[in-house]
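Participant: Questions regarding the structure given below will be posed in turn.
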Amino acid sequence: GSIDYKAMSKSVPLQADYTPLDVVFEDEGLLVVSKPSGVPMNPPHRFSSGTLVNMVIGHTGEAPFVAHRLDVWTSGVVVFAKRKDYVKELHRQFRERTVKKEYLLICDGDPPPGEGFTVDA
């Protein structure tokens with residue numbers, strides 16, 4: 001028989017990181033945190049740490065359900081479900097874009113006159 005390495009790796013628990021989180025909101029089903037720039041969302045391996053997911057585990061004691069992601073160099077608010085029954089509805093809201101998001105761009109200098117850009121997020 002073959003060895004199912006993927007299933008075997010899931011037997012290794014994700015690591016907890018006890019770096020304090022900037023908690024924006026928390027109740028029995030949701031955790032909303034402010035993610036700083038430079039912090040990755042997920043660990044590349046189950047035995048790695050230093051990511052927002054690892055910090056949430058350190059905060060709650062359990063692996064969260066990720067509702068959406070931000071790029072490593074993007075700072076902003078991230079929503080996690082603490083209960084599995086919240087996941088489907090959160091994913092629907094992000095997929096259908098009923099979640100209101102606002103973006104702030106910080107620029108060093110002025111763009112050339114007549115040139116600009118649009119972010120379609």
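Participant: Being of a type outside the set (A, V, I, L, M, F, W, C), over 29 Å from Asp17 (Cα atoms) and open to solvent by 30 Å² or more (accessible area, probe 1.4 Å) is the requirement here; does Gly50 meet it?
Facilitator: Details: of a type outside the set (A, V, I, L, M, F, W, C): yes; over 29 Å from Asp17 (Cα atoms): no; open to solvent by 30 Å² or more (accessible area, probe 1.4 Å): yes.
It is false that Gly50 is of a type outside the set (A, V, I, L, M, F, W, C), over 29 Å from Asp17 (Cα atoms) and open to solvent by 30 Å² or more (accessible area, probe 1.4 Å).
Participant: Also, quick follow-up: Select from the range 24-44 the residues that are more than 12 Å from the chain's Cα centre (by Cα), of a type in the set (D, E, K, R) and surrounded by 15 or more Cβ atoms within 10 Å (Cβ to Cβ) and list them in ascending order. If you could, list the steps in order and put the result at the bottom.
Facilitator: Pass one, the range 24-44, residues more than 12 Å from the chain's Cα centre (by Cα): 24-30, 38, 44.
Okay, now just the ones that are also of a type in the set (D, E, K, R), so 26-28.
Glu26 - this is the single residue of the range 24-44 that is more than 12 Å from the chain's Cα centre (by Cα), of a type in the set (D, E, K, R) and surrounded by 15 or more Cβ atoms within 10 Å (Cβ to Cβ).
Participant: While we're looking at this one, here's another question. Go over the candidates Arg69, Arg92 one by one and state the one that is open to solvent by less than 90 Å² (accessible area, probe 1.4 Å), without any contact (Cβ under 8 Å) to a residue 40 or more places away in the chain and at negative phi. Full working, then the answer.
Facilitator: Numbers: Arg69 fails: open to solvent by less than 90 Å² (accessible area, probe 1.4 Å).
Step by step, each of Arg69, Arg92 is checked, and only Arg92 is open to solvent by less than 90 Å² (accessible area, probe 1.4 Å), without any contact (Cβ under 8 Å) to a residue 40 or more places away in the chain and at negative phi.
Participant: Say we look at the range 1-12 and pick out the residues that are touching a residue at least 24 places away in the same chain (Cβ under 8 Å) and open to solvent by less than 90 Å² (accessible area, probe 1.4 Å); which of these is nearest to Ile57 (Cα to Cα)? So that I can check it myself, show each step before the final result.
Facilitator: Let us first name the residues in the range 1-12 that are touching a residue at least 24 places away in the same chain (Cβ under 8 Å), namely 9-10, 12.
From the residues that got through so far, the ones that are open to solvent by less than 90 Å² (accessible area, probe 1.4 Å) too are 9, 12.
Values: Ser9: 18, Val12: 14 Å.
Applying the filter and picking the extreme gives Val12.
Participant: Regarding the range 10-20, can at least one residue be identified that is under 13 Å from the mean Cα position of the chain (by Cα), under 30 Å from Ile106 (Cα atoms) and in a loop (DSSP other than H, G, I, E, B)?
Facilitator: Restricting attention to the range 10-20, the residues satisfying the condition of being under 13 Å from the mean Cα position of the chain (by Cα) are none.
No, every residue in the range 10-20 fails to be under 13 Å from the mean Cα position of the chain (by Cα), under 30 Å from Ile106 (Cα atoms) and in a loop (DSSP other than H, G, I, E, B).
The values are calculated or read from the model by the stated rules, or taken from the named source; none is laboratory data. Everything numeric here is computed off the predicted structure, so don't read it as measured data. For neighbour counting, all protein chains shown are included, and Cβ atoms are generated from backbone atoms with ideal geometry for every residue, glycine included. The protein model used for the area step is the full one, side chains on, heavy atoms only, and it has no ligands, DNA or RNA in it. Shrake-Rupley method; radii C 1.70, N 1.55, O 1.52, S 1.80 Å.
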